[in-house]
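Input: a single structure, listed below in structure tokens.
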Amino acid sequence: MEEELKKIQQEAVEKFQNVLDKKMLADLKVYFLGKSGRLTAVLKGMRDVPNQDKPRLGAMVNEVRALVEKMVFDAEEKFAQKELEEKLQNEKVDISLPSKGVKKGALHPVTSMTDRLVDICVNLGFTVVDGPEIESDYYNFEAVNTPKSHPARDMQDSFYFSENILLRTQTTAVQARAMEQIKPPFKIVVPGKTYRNDSDATHSPMFNQLEGLVVDENVSMADLKNMLSIMMKRLFGEDTMIRFRPSYFPFTEPSIEVDVSCPQCHGKGCKLCKNTGYLELLGAGVVNPKVLDYNGIDSKKYKGFAFGIGIDRASMLFTNNTDMRSLFKNDVRFLKQSR
Ligand code: DAH
């Protein structure tokens, strides 16, 4: 038996030195330690060993067995390590490769123009106010000096839901709401959607306006002119000029229309401004005292000025766009262009 154990030990050392893969290792494990393996057979033979030899031989068997087990363990470790290294090698990520590029979105031209205008106004001390798009005839017309029979209603082809409810045709509707609620002096701006039954290259049934209203004790046309001049310079650049033309709105007296020097050709004349050097951008005026009184503000004490800017038009001037409809078609190519 002693001989047999020595032989097993020697054979094991040789065989484990030449293990090439996990399969061979598994086979070897079975060959030495399995149920009918070489060492197991020796162990079974212990029964027939005379008692006085049992301790010595028993110790020998355990020693050889521990040796084989250690060799199995070491080989297993070696293969596991090799496998891990291979895996790390194969799954390597090259962090120096260029990325596929993440597509960035952008604000819609009308949204960014609204943001710009609101920023400019907030910097000038205005507060932003909101109002409903579904409005009553009262606020949209009546309360801003445009009673039912007024011919100025013809200027705004309106979408009515019923006799007294309509889609607001102008953010001017919020002027009356504000005067009811806020005590003067105040400066408010109202950006928002407005609706009229009108559709061509320069009109859209839904469009955006920015309404401004200042009410204080001593405000005049000169203040309006100064305010608009500052705003337009901040919007289109320092060399921007503005021009007033007399006009008519029921809620202002006197009323004006305001042109800005063409931001594309700087007044020289181009396709966008039809060679006139100027573009019409907004309506404005000194608040009609009737509107103040009607909405509970004493017109003997307070004066006001107001303006209404077409936001979509302003955005078109900025991006040299001659068709308003392109703003609302959601053609991604167009939107990308005007980013
Ligand atoms: N509400 C007018 C429109 O939609 C624009 C306007 C003109 C607003 C004069 C004003 C203003 O506040 O004073 O055509």
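Each of GLN10 and LYS225 was given a label point 7 Å from its Cα along the Cα-to-Cβ line. The distance between the two points is 12.0 nm.
Which value, in Å², gives the accessible area per residue of the stretch 109-338 when a 1.4 Å probe is used on the protein heavy atoms? Don't skip to the end; give the middle numbers.
Values: 10920 Å² over 230 residues.
Counting only protein heavy atoms, the per-residue value for the stretch 109-338 is 47 Å².
For the chain, the relative contact order is 15 percent, taking Cα pairs closer than 8 Å that sit 6 or more residues apart in sequence and dividing their mean separation by the residue count. From the alpha carbon centroid of the stretch 50-100 to that of the stretch 202-235 is 83 Å.
Only sites in a loop by DSSP and with at most 12 other Cβ atoms within 10 Å count here; which trypsin sites (Lys or Arg not before Pro) in the stretch 246-323 make the cut? Before the final figure, lay out the partial values.
Details: sites: LYS268, LYS271, LYS274, LYS290, LYS300, LYS301, LYS303, ARG313; in loops: LYS268, LYS271, LYS274, LYS300, LYS301.
Within the stretch 246-323, the qualifying trypsin sites (Lys or Arg not before Pro) (loop, at most 12 other Cβ atoms within 10 Å) are LYS268, LYS271, LYS274, LYS300, LYS301.
In this simple spin-label approximation, SER99 and ASP74 carry label points 7 Å from Cα along the Cα→Cβ vector, and these lie 5.0 nm apart.
How far is helix 2-17 tilted off the main Cα axis of the chain, in degrees rounded to 10, range 0 to 90? With rounding to tens, the tilt is 30 degrees.
Please report, as a whole percent, how much of the solvent-accessible surface of the stretch 109-338 comes from carbon and sulfur atoms (probe radius 1.4 Å).
Details: 5540 of 10920 Å².
It is 51 percent, rounded to a whole number.
Between GLU85 and LEU107, what FRET efficiency follows from the Cβ-Cβ distance if R0 is 51 Å, with the result rounded to 0.05?
Numbers: r = 51 Å, r/R0 = 0.99.
Computed FRET efficiency for GLU85 and LEU107: 0.50.
Subtracting the Cα-Cα distance of SER199 and LYS290 from their residue separation scaled by 0.36 nm leaves 29.5 nm. Within the stretch 1-52, none of the GluC sites (Glu not before Pro) combine a DSSP coil assignment with at most 12 other C-beta atoms in a 10 angstrom radius.
Of ASN164, ASN218, ASN51, the residue with the greatest mean-square motion in the GNM of the chain, using alpha carbon springs below 10 Å, is ASN51. Couplings for the stretch 284-297, taken from phi via the Karplus curve 6.51 cos²θ - 1.76 cosθ + 1.60 with θ = phi - 60°, read 7, x, 8, 4, 4, x, 4, 5, 4, 4, 4, 9, x, 10 Hz in order; Gly and Pro are left as x.
Give the residue list of trypsin sites (Lys or Arg not before Pro) in the stretch 7-44 that are DSSP loop and have at most 15 other beta-carbon atoms within 10 angstrom.
Here the sparse-neighbourhood loop sites are LYS35.
Quickly estimate the mean residue ellipticity at 222 nm for the chain, helices only: each DSSP H run with n ≥ 4 gives -39500 (n - 2.57), and the total goes over all residues, rounded to 500.
On the way: 11 runs with 138 residues, N = 339.
Calculated mean residue ellipticity at 222 nm is -13000 deg cm²/dmol.
The figure for ASP200 is an accessible area of roughly 60 square angstrom, using a 1.4 Å probe on the protein chains alone. Between amide H atoms placed 1.01 Å from N, distances below 5 Å from GLY269 occur with GLY277, all of them 5 or more places distant or on a separate chain. In order along the stretch 27-33, phi translates into HN-Hα couplings of 4, 4, 4, 5, 4, 8, 10 Hz, rounded to whole numbers, per the Karplus curve 6.51 cos²θ - 1.76 cosθ + 1.60 with θ = phi - 60° and x for Gly and Pro. Can you figure out the FRET efficiency of ASP298 with TYR138, using R₀ = 25 Å and their beta-carbon distance, to the nearest 0.05? Efficiency for this residue pair is about 0.70.
Listed values for the stretch 74-80 are Karplus-derived 3J(HN,Hα) couplings in whole Hz (6.51 cos²θ - 1.76 cosθ + 1.60, θ = phi - 60°), namely 4, 5, 4, 4, 4, 5, 5, and x replaces Gly and Pro.
Here's how it looks for SER247: its modeled amide H is under 5 Å from those of SER255, ILE256, GLU257, which are all 5 or more places away or on a different chain. Normalised by residue count, the stretch 180-298 yields a Cα convex hull volume of 127 Å³ per residue.
Full extension of the chain between LEU43 and ASP119 yields a length gain of 18.2 nm, computed as 0.36 nm times the residue separation minus the alpha carbon distance. Compute the distance in nm between two label points, each set 7 Å from the Cα along the Cα-to-Cβ direction, one at GLN264 and one at GLU217. Placing both labels 7 Å beyond Cα along the Cβ direction yields 4.8 nm. Under a 5 Å amide H cut-off, with hydrogens placed 1.01 Å from N, VAL219 pairs with LYS303 among residues at least 5 apart or on other chains. Per residue, the accessible area of the stretch 2-91 comes to 72 Å², computed with a 1.4 Å probe over protein heavy atoms only.
Note on the chain: along the principal axes its Cα atoms extend 131, 46, 38 Å, ordered by decreasing extent. Stokes-Einstein diffusion of the stretch 72-146 at 4 °C, 1.567 mPa s viscosity, Kirkwood radius from Cα pairs, rounded to a whole number: 64 µm²/s.
For the stretch 2-91, which whole percent of the accessible surface, found with a 1.4 angstrom probe, sits on carbon and sulfur atoms?
On the way: 3510 of 6500 Å².
Of the solvent-accessible surface of the stretch 2-91, carbon and sulfur hold 54 percent.
With pairing defined as another cysteine C-beta under 4.7 Å, the cysteines of the chain that fail it are CYS121.
The values are calculated or read from the model by the stated rules, or taken from the named source; none is laboratory data. Source: prediction; values computed, not measured. Positions of Cβ are backbone-derived with ideal geometry, glycine not excepted, and every protein chain shown enters the neighbour counts. Just the protein is used for accessible areas: all its heavy atoms, side chains included, with ligands, DNA and RNA removed. Shrake-Rupley method; radii C 1.70, N 1.55, O 1.52, S 1.80 Å.
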